[in-house]
Amino acid sequence: MTSTRPAAYRGRFAPSPTGPLHLGSLVAALASWLDARSAGGAWLLRIEDIDPPREQPGASAAIIHSLEQHGLHPDGDILWQSRRGAAYNAALDLLEAGGHLFSCACSRRQLDASGSCQRGCRDRQPPAAGKPSALRVAVPADFTSEWDDPWQGRQYWALGQQLTDFIVRRKDGLYAYQLAVVVDDAHQRITDVVRGADLLDSTPRQHLLQTLLGYPQPRYAHIPVLADSQGQKLSKQNLAPALDDAAAPDNLRRALHYLGQPAPPAGVNSAAELLEFALRHWSPHSLSRGPSVTVGH
Ligand code: GLU
């Protein structure tokens, strides 16, 4: 008799090296680590270094070092997206062969505010050879994406009705995040994606690519992002301060606070002890629901 057991939990943290780790990214790393480890699962690290113009020199090494200092040790080798070009090309070829891609040479001014192509490139002749053009996925009109998100509630996205033909290879030839993330989540056999709610609207796009490429679909859970009192997400772009690695235990305590987890008692001092305590008490339901939590509260 054959039985189908659900695949063992495999989670991941997938930072872009656009700057060092800050409190918001530590919260995301910690949530995915706690969720994976509490399920007895693996936790992988992937450096999403596919956008050299946005990369900050030294950021990858700084992120890896910070994670170590905070006791967050990944399983297996780190996957570097900059070395994955062949796999991304193979996925593009598959999408192309299925008739799912079209070229779009629209300039930023010709696109709508969401970056969508409204000019009907999908139905036109391809742009002249040599003209820089992006490759977009033609989203089927009836495509919908649904999932139960533990922190964002039931999700239903009628992606096909939102004119969201999105880019998988940019005009400058670089691979788009949506493509690379889907290819690598499949390659790393990720079963559970725990990440910030700022990526919520990426999930339906990733569902579509998984469908078109015949990949399995991981479960998705989006934690509220840390925001300032104006509701602005704490990010490298708005210069959230880099974490001080020498203060790792304090940083972990703050991160646990924003994850709604019980405060480790005094006397639990090292990063390793704090993580051990947090793991024993991990309570996903205690984390507030919604898109963001305000820092300072
Ligand atoms: N690399 C993305 C970021 O740093 C996250 C990707 C993901 O978790 O899917 O925002």
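The values are calculated or read from the model by the stated rules, or taken from the named source; none is laboratory data. As the structure is a prediction and not an experimental result, all values here were calculated from the model. Glycine gets a Cβ as well: all are built from the backbone with ideal geometry, and neighbour counts include every protein chain shown.
Please count how many residues of the stretch 255-280 are in contact (Cβ under 8 Å) with a residue 12 or more places away in the chain, over 22 Å from the mean Cα position of the chain (by Cα) and part of a helix (DSSP H, G or I).
Total satisfying the criteria: 7.
Only residues that are touching a helix residue (DSSP H, G or I) at 6+ places or on another chain (Cβ under 6 Å) and not aromatic (Phe, Trp, Tyr): list them for the stretch 99-126, please.
Within the stretch 99-126, 100, 101, 104, 119 meet the criteria.
Starting from residues that are among the charged types (D, E, K, R) and either within 16 Å of the ligand (Cβ to nearest atom) or surrounded by fewer than 18 Cβ atoms within 10 Å (Cβ to Cβ) (or both), keep the ones in the stretch 1-41 and report whichever is modelled with the lowest pLDDT.
This residue is 5.
Does the stretch 128-150 contain any residue that is in contact with a strand residue (DSSP E or B) (Cβ under 6 Å, 6 or more places away or on another chain), free of Cβ contacts under 8 Å to residues at least 60 places away in the same chain and over 26 Å from residue 89 (Cβ atoms)?
Scanning the stretch 128-150 turns up at least one residue that is in contact with a strand residue (DSSP E or B) (Cβ under 6 Å, 6 or more places away or on another chain), free of Cβ contacts under 8 Å to residues at least 60 places away in the same chain and over 26 Å from residue 89 (Cβ atoms).
Condition test on residue 44, is it hydrophobic (A, V, I, L, M, F, W, C), surrounded by 14 or more Cβ atoms within 10 Å (Cβ to Cβ) and not in a helix (DSSP H, G or I)?
Against the criterion (hydrophobic (A, V, I, L, M, F, W, C), surrounded by 14 or more Cβ atoms within 10 Å (Cβ to Cβ) and not in a helix (DSSP H, G or I)), residue 44 qualifies.
Take residue 77 and tell me if it is part of a loop (DSSP other than H, G, I, E, B), within 18 Å of residue 181 (Cα to Cα), out of contact with any Ser or Thr (no Cβ under 6 Å at 6 or more places or on another chain) and modelled with pLDDT of 95 or more.
Taking the combined requirement at face value, the residue satisfies it.
Restricting to the stretch 97-134, what's the tally of residues that are modelled with pLDDT under 90 and assigned to a helix (DSSP H, G or I)?
Counting residues in the stretch 97-134 that are modelled with pLDDT under 90 and assigned to a helix (DSSP H, G or I) gives 6.
Would you mind finding the one in 86, 61 that is in a helix (DSSP H, G or I) and within 30 Å of residue 131 (Cβ to Cβ)?
One residue alone meets the criteria, 86.
Considering only strands (runs of 3 or more DSSP E) fully contained in the stretch 152-243, which possess at least 1 residues that are surrounded by fewer than 18 Cβ atoms within 10 Å (Cβ to Cβ) and within 14 Å of the ligand (Cβ to nearest atom)?
Filter on the stretch 152-243 gives 219-223.
Somewhere in the stretch 144-151, is a residue within 16 Å of the ligand (Cβ to nearest atom), crowded, with 19+ Cβ neighbours inside 10 Å, of a type in the set (D, E, K, R) and within 15 Å of the chain's Cα centre (by Cα)?
No, the stretch 144-151 has no match at all.
As an exercise: evaluate residue 175 against (1) in contact with a Pro (Cβ under 6 Å, 6 or more places away or on another chain); (2) touching a residue at least 60 places away in the same chain (Cβ under 8 Å); (3) hydroxyl-bearing (Ser, Thr, Tyr) and give the number of the one condition it does not meet.
(1)
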